Amino acid sequence: MAKDEFKEFKLVGTRPDRPDGLDKVTGRARYGADISAPGMLWGAVVRSPHAHARIVKIDASKALAMDGVKAVVTRADFPTGLTGDAWNLQENTMAGERALYDGHAVAAVAAISKTLAEDAARLVEVEYEILPHVTDVDEAMAEGAPVIREGAADATVPEGMHPNVVKYMEFGRGDIEAGFAEADLVKEHTFKTEAAHQGYIEPHACLGQLGEDGKGEMWVCTQGQWYIRKMCADVLGLDGAQLRVTPSEIGGGFGGKTTIFMEPLPLALSKKTGGRPVKIVMSRSEVLRATGPTASASMDVKIGMKKDGTITAGRAEFRMQGGAFPGAPVDMALYCAFAGYNVPNLEHVGYDVLANRPKCAAYRAPGSPMAAFAVESLVDELCRELGLDPLEVRMKNAVKSGDQASYGPKFGSIGLVETLEATVAHPNLQAELGPNQGRGVAVGYWFNHSGETSVSMAISEDGTAQVSVGTPDIGGSRASIALMTAETLGIPYEDVRVNVVETGALGVNEPTHGSRATFASGKAAVEAARQAIGEMCRRAAKEWGIEPEAVEWVDGAAQPAGPNAGEFPPMTIAEIAGKMGSTGGPISGHHESVPEGVGASFGAHVVDVEVDPETGRTTILRYLVVQDAGRAIHPAYVEGQYQGGAAQGIGWALNEEYIYDDQGRLQNPVFLDYRVPVASDLPMIDTVIVEVPNPGHPYGVRGVGETGITPPLPAIANAIQDAVGVRVRQLPISPPRLLAALKAKG
Amino acid sequence: MSKIHVTTKVNGDTVEFLADPRETLLDCLRDRLGLTGSKEGCGTGDCGACSVTLDGTLVCSCLVLGAEVQGREIGTIEGMGGDDTLHPLQRKFIEHAALQCGFCTPGFLVAGKALLEKNPNPTEEEVRYWLAGNLCRCTGYDKIVRAVMDAAAEMRGEAA
Amino acid sequence: MARVQVHLWSGLRRLTDGAEAVEVEATTVGEALDGLIAAHPGLEPLIEAGVSVVVDGEMTTSRHQKIGPENEVYLMQRLKGG
């Protein structure tokens, strides 16, 4: 579908107040920790202070002897015999024979107050035998590194690799040696990124209740209530349908709340106390020590370029550790590495490696930011050395719709060229730069995702509409889904209420992840609305005594489709709804599918920085995000995704990192030391929404949530080189690291 | 451990609660008084999600003990608007889409209100530095800063 | 049934006797996956653990999707997101 085939919209593309705005500015919105239940107990978790240790003995007798302490659980309280991902989740929820990282849970306590539970947790005595540990990815796969777990590797790993390598992948095309031979300049460097945490401001919180009969309920902050249900059921050996999971409002997730960490523990504790509800709220240091940051990466990249900017060949070898379990996003990182470029000769090699760190979780475009840091930095170095304009080089090599992607299949409709054109045209590129100031550009990519989706819509007796969705609203998706539903039904935005519902109310939904909520729940809501429109047209046809095919739906009313259908005044949605009880019963629509037609999204960022040569501190002067949204349903929240992604990428580039000491203990598990960007660190973040409509969505939507975190990492490194002439190939480019680089340069 | 009886004023109402001597004001507001609008994001005074005013001064309620507020006056997000009106900051936050997940929002609003009471005409830089103690992970601060500036302009009687 | 070519990632060559693309008899995505396993049983644990199948650039969402010799079929690691 071409751009001009989209008709004018009444609501799509406007910026109304979000439906949950009032609750969220008054403190009324209820997040994970905000709910309490009658008879509720508080839980606290005992965590390993060691990076790697055998658990010799756990003695909870002193804790259990305290007045008001009701239960202690250890791994002995969990079912045995799990395999695969279920075992990994269980082992991460509660350590078995060994603690695998600093912060790994080894026991949990329930008591009648929060302070008492914390006191009791301190009295649980755990005897450890400390084992050798490793936290660095390159060290973890080197000969002689301590083995985290024998037999964890899957079938992809060739024989002879270290047991910590649990997944290996390799793909490519063409002939890279011939490609490099064709190039006028070939450069090869190693790049490193440290683990960064999603840093949502709301710590994980869960209120759970589980009876002897295996029936349970949860109130939990999560990106996906069905994922929580399945994972908790697997880990505890429960029947999925017996567990009812209600998602609270969610205080940020960014991928980190698509899985479980402590969520089974309130259920396990509850069962041991005869079914009393148990609430656990993590502290910030628990969040940083024991919930998923992203992987750390060590990456070799080699690229060949001709004098005219044509890229002839590329090779990427990525090594990533995602903690003590398989799951570092090395596959997706490799897929994204050269996604923006038409390169005939490519080779990709990847290793997923275990280390004594917390189990990584998805973080906004998982893998793509690291890949971009390596590839987009090296492309910039090549452009610099050949005296080429970095945006022109990207345009020259840019992929277009139908091109064969670097990872294999051909692209559907994509808008990289349009994105680059809008970038080049932006006034920020004309801004004058002073001494120690520099400009950097980079491109980023994310596939976007669909996933299992189930949506119900029901028309109320007054003609207003309620939509039940299974994707928690993290960044305004209630607003975008209400806009699309109202647009489809032809009714005011205010007449639609979108509810995020519990697991008992719909079929299985994947979480709000993969930039899918507005795409997938939105598409399903439109289909559900169309179904209801069909029913309302049939009701009108019966009233009028004409064929349903002779009725059409226009502006929220049924009307005869043309003069041959008969002369009847339009019958509004309110009129039809008011009579539903006597015309056939409730009117609703329902849609479930794995929606097809996901549209990928490219973005280009331009950043101006100033480096203080005395301190090595980098200040962001100007920041521009240009990204293809397909169509922006609520442009303000699309801009918000762009700005938020950029801010997270800026933090990853300049400050955020996991710092381990030589004992493998995390040294910075508080926000003072794990420093995310604050308001005074950033300028306004300029945005341009490019709209190359996605033909796979009724309103042209592409997911927009993730791409934006990708380009900042290399764009900032490129800007710093432009400003002060040093190339930093390891993140974060914190003041001490940059100062050292400046001193080395002399 | 025996608890301490505390009488204090929250949003103009006299309230009483029993505090464990180790409990923070934030714990007492949330768990003793049911005022869950103030949030705990860190417990170490770094994120500002628990911002309240104590006798008119902006504080992190996670750094104040519940037992300390005997006879004081506390202002929380729940007391920010009038009975049937929103404070201009609350309205502007909605209008400017200055919240995504909304978890940090109460803290930003309480801190923003304290800023505008002290400085009704702040520059962008002043807004950014005043709010530097409040972390937002979703928005990149752009729309928050705009909302505060716009609310300030409206409160000064200037056209938006 | 028609013969459909399925492109794999080259890291799987060890499991497919060196082939980077495998021809299978299939009229649907599900049959193609079953055909891959029948031809190269070493692929079974990987396919069972979850893979993405991309047909003509579009991530498939159903084992029942029709495919034929004219389609470009790629096997990829399972994709999701944050």
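The values are calculated or read from the model by the stated rules, or taken from the named source; none is laboratory data. The shown structure was predicted, so the numbers you read here are calculated from the model rather than taken from an experiment. A quick note on method: Cβ atoms are made from the backbone with ideal geometry, for glycine too, and the neighbour counts reach across all protein chains shown.
Filtering the stretch A:356-374 for residues that are surrounded by fewer than 20 Cβ atoms within 10 Å (Cβ to Cβ) and of a type in the set (Lys, Arg) leaves an empty set.
In the set A:Ala268, A:Ala233, A:Ala241, only one residue is in contact with a strand residue (DSSP E or B) (Cβ under 9 Å, 6 or more places away or on another chain), more than 28 Å from A:Phe373 (Cβ to Cβ) and either surrounded by fewer than 23 Cβ atoms within 10 Å (Cβ to Cβ) or charged (D, E, K, R) (or both); that residue is A:Ala233. Residues in the stretch B:56-76 that are under 13 Å from the mean Cα position of the chain (by Cα) and in a loop (DSSP other than H, G, I, E, B): 2 in all. Residue count for the stretch C:29-41, restricted to those that are surrounded by fewer than 16 Cβ atoms within 10 Å (Cβ to Cβ) and not hydrophobic (A, V, I, L, M, F, W, C): 1. Whenever a residue of the stretch A:516-537 is over 15 Å from A:Gln223 (Cβ atoms) and without any contact (Cβ under 8 Å) to a residue 60 or more places away in the chain, its partners that are in a helix (DSSP H, G or I) and among the hydroxyl-bearing types (Ser, Thr, Tyr), lying with C-beta atoms within less than 7 angstrom and at least six residues away or across chains, give the pairs A:Arg530/A:Thr488. For the stretch B:34-44, the set of residues classified as in contact with a Phe, Trp or Tyr (Cβ under 9 Å, 6 or more places away or on another chain) and of a type in the set (Gly, Ala, Ser) consists of B:Gly41 only. Among the residues making up the stretch B:61-76, a single one is among the hydrophobic types (A, V, I, L, M, F, W, C) and within 11 Å of chain A (Cβ to nearest Cβ): B:Cys62. Scanning the stretch A:630-646 for residues that are hydrophobic (A, V, I, L, M, F, W, C) and in contact with a Lys or Arg (Cβ under 6 Å, 6 or more places away or on another chain) yields a total of 1. Is it true that A:Trp42 is part of a helix (DSSP H, G or I) and aromatic (Phe, Trp, Tyr)? Against the criterion (part of a helix (DSSP H, G or I) and aromatic (Phe, Trp, Tyr)), A:Trp42 does not qualify.
When A:Ala339, A:Ala328, A:Ala355 are checked against the criterion of being part of a loop (DSSP other than H, G, I, E, B), touching a Ser or Thr at 6+ places or on another chain (Cβ under 6 Å) and within 14 Å of chain C (Cβ to nearest Cβ), a single residue qualifies: A:Ala339.
Listed here are the residues, each with its yes/no results for (1) in contact (Cβ under 8 Å) with a residue 40 or more places away in the chain; (2) outside the structural domain of A:Glu381 (by TED's automatic domain parsing); (3) assigned to a helix (DSSP H, G or I); (4) surrounded by 24 or more Cβ atoms within 10 Å (Cβ to Cβ).
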residue	(1), (2), (3), (4)
A:Arg622	yes, no, no, no
A:Gly630	yes, no, no, yes
A:Trp652	yes, no, yes, yes
A:Pro669	yes, no, no, no
A:Pro683	yes, no, no, no
A:Asp686	yes, no, no, no
A:Asn694	yes, no, no, yes
A:Pro714	yes, no, yes, yes
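Quick one: count up the residues across the stretch A:218-258 that are free of Cβ contacts under 8 Å to residues at least 40 places away in the same chain and either among the hydrophobic types (A, V, I, L, M, F, W, C) or not in a helix (DSSP H, G or I) (or both). The total comes to 6.
The set of residues in the stretch B:118-137 that are within 19 Å of the chain's Cα centre (by Cα) and part of a loop (DSSP other than H, G, I, E, B) comprises B:Asn119, B:Pro120, B:Pro122, B:Asn134, B:Leu135, B:Cys136, B:Arg137. Among the residues of the stretch B:91-99, is there at least one that is outside any loop (DSSP other than H, G, I, E, B), more than 10 Å from chain A (Cβ to nearest Cβ) and either farther than 30 Å from B:Ser2 by Cβ or β-branched (Val, Ile, Thr) (or both)? No: the stretch B:91-99 contains no residue that is outside any loop (DSSP other than H, G, I, E, B), more than 10 Å from chain A (Cβ to nearest Cβ) and either farther than 30 Å from B:Ser2 by Cβ or β-branched (Val, Ile, Thr) (or both). Scanning the stretch A:146-173 for residues that are part of a loop (DSSP other than H, G, I, E, B) and in contact with an Asp or Glu (Cβ under 6 Å, 6 or more places away or on another chain) turns up just one, A:Pro163.
One line per residue, one yes/no per condition, for (1) within 22 Å of A:Glu376 (Cβ to Cβ); (2) in contact with a strand residue (DSSP E or B) (Cβ under 9 Å, 6 or more places away or on another chain):
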{"residue": "A:Val607", "(1), (2)": "yes, yes"}
{"residue": "A:Thr619", "(1), (2)": "yes, yes"}
{"residue": "A:Leu624", "(1), (2)": "yes, yes"}
{"residue": "A:Ala636", "(1), (2)": "no, no"}
{"residue": "A:Glu639", "(1), (2)": "no, yes"}
{"residue": "A:Gly645", "(1), (2)": "yes, yes"}
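Give the residue, chosen from B:Cys62, B:Cys101, that is buried (at least 23 other Cβ atoms within 10 Å of the Cβ), free of Cβ contacts under 8 Å to residues at least 40 places away in the same chain and closer than 23 Å to B:Asp13 by Cβ. On inspection, the qualifying residue turns out to be B:Cys62.
Quick one: in the stretch A:687-746, of everything that is of a type in the set (A, V, I, L, M) and touching a Pro at 6+ places or on another chain (Cβ under 8 Å), which residue is farthest from A:Gln648 (Cα to Cα)? It comes out as A:Leu742. Among the residues of the stretch C:1-39, those identified as within 14 Å of another protein chain (Cβ to nearest Cβ) and of a type in the set (Ser, Thr, Tyr) are C:Ser10, C:Thr16. Any residue at all in the stretch A:175-182 that's in a loop (DSSP other than H, G, I, E, B) and away from chain C (no Cβ under 14 Å)? So far as the stretch A:175-182 goes, no, none of its residues is in a loop (DSSP other than H, G, I, E, B) and away from chain C (no Cβ under 14 Å).
Yes or no, residue by residue, for (1) more than 10 Å from every other protein chain (Cβ to nearest Cβ); (2) in a helix (DSSP H, G or I); (3) surrounded by fewer than 18 Cβ atoms within 10 Å (Cβ to Cβ); (4) aliphatic (A, V, I, L, M):
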{"site": "B:Val52", "(1), (2), (3), (4)": "yes, no, no, yes"}
{"site": "B:Glu78", "(1), (2), (3), (4)": "no, yes, no, no"}
{"site": "B:Pro106", "(1), (2), (3), (4)": "no, yes, no, no"}
{"site": "B:Val110", "(1), (2), (3), (4)": "no, yes, no, yes"}
{"site": "B:Ala114", "(1), (2), (3), (4)": "yes, yes, no, yes"}
{"site": "B:Thr139", "(1), (2), (3), (4)": "no, no, no, no"}
{"site": "B:Ala151", "(1), (2), (3), (4)": "yes, yes, no, yes"}
{"site": "B:Glu154", "(1), (2), (3), (4)": "yes, yes, yes, no"}
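Among the residues of the stretch C:47-57, the one identified as on the phi < 0 side of the Ramachandran plot, at the interface with another protein chain (Cβ under 9 Å from one of its Cβ atoms) and surrounded by fewer than 17 Cβ atoms within 10 Å (Cβ to Cβ) is C:Ala49.
Condition check: more than 9 Å from chain A (Cβ to nearest Cβ), more than 11 Å from the chain's Cα centre (by Cα) and basic (Lys, Arg). Does C:Lys80 satisfy that? It is false that C:Lys80 is more than 9 Å from chain A (Cβ to nearest Cβ), more than 11 Å from the chain's Cα centre (by Cα) and basic (Lys, Arg). Being away from chain C (no Cβ under 14 Å), among the polar types (S, T, N, Q) and touching a helix residue (DSSP H, G or I) at 6+ places or on another chain (Cβ under 7 Å) is the filter here, so list the residues in the stretch A:465-522 that pass it. Correct list: A:Ser477, A:Ser480, A:Thr485, A:Thr488, A:Thr503, A:Ser521. Candidates A:Gly584, A:Gly566, A:Gly562, A:Gly578: the one that is of a type outside the set (Lys, Arg), in the same structural domain as A:Ala525 (by TED's automatic domain parsing), surrounded by fewer than 22 Cβ atoms within 10 Å (Cβ to Cβ) and touching a Lys or Arg at 6+ places or on another chain (Cβ under 7 Å) is A:Gly584.
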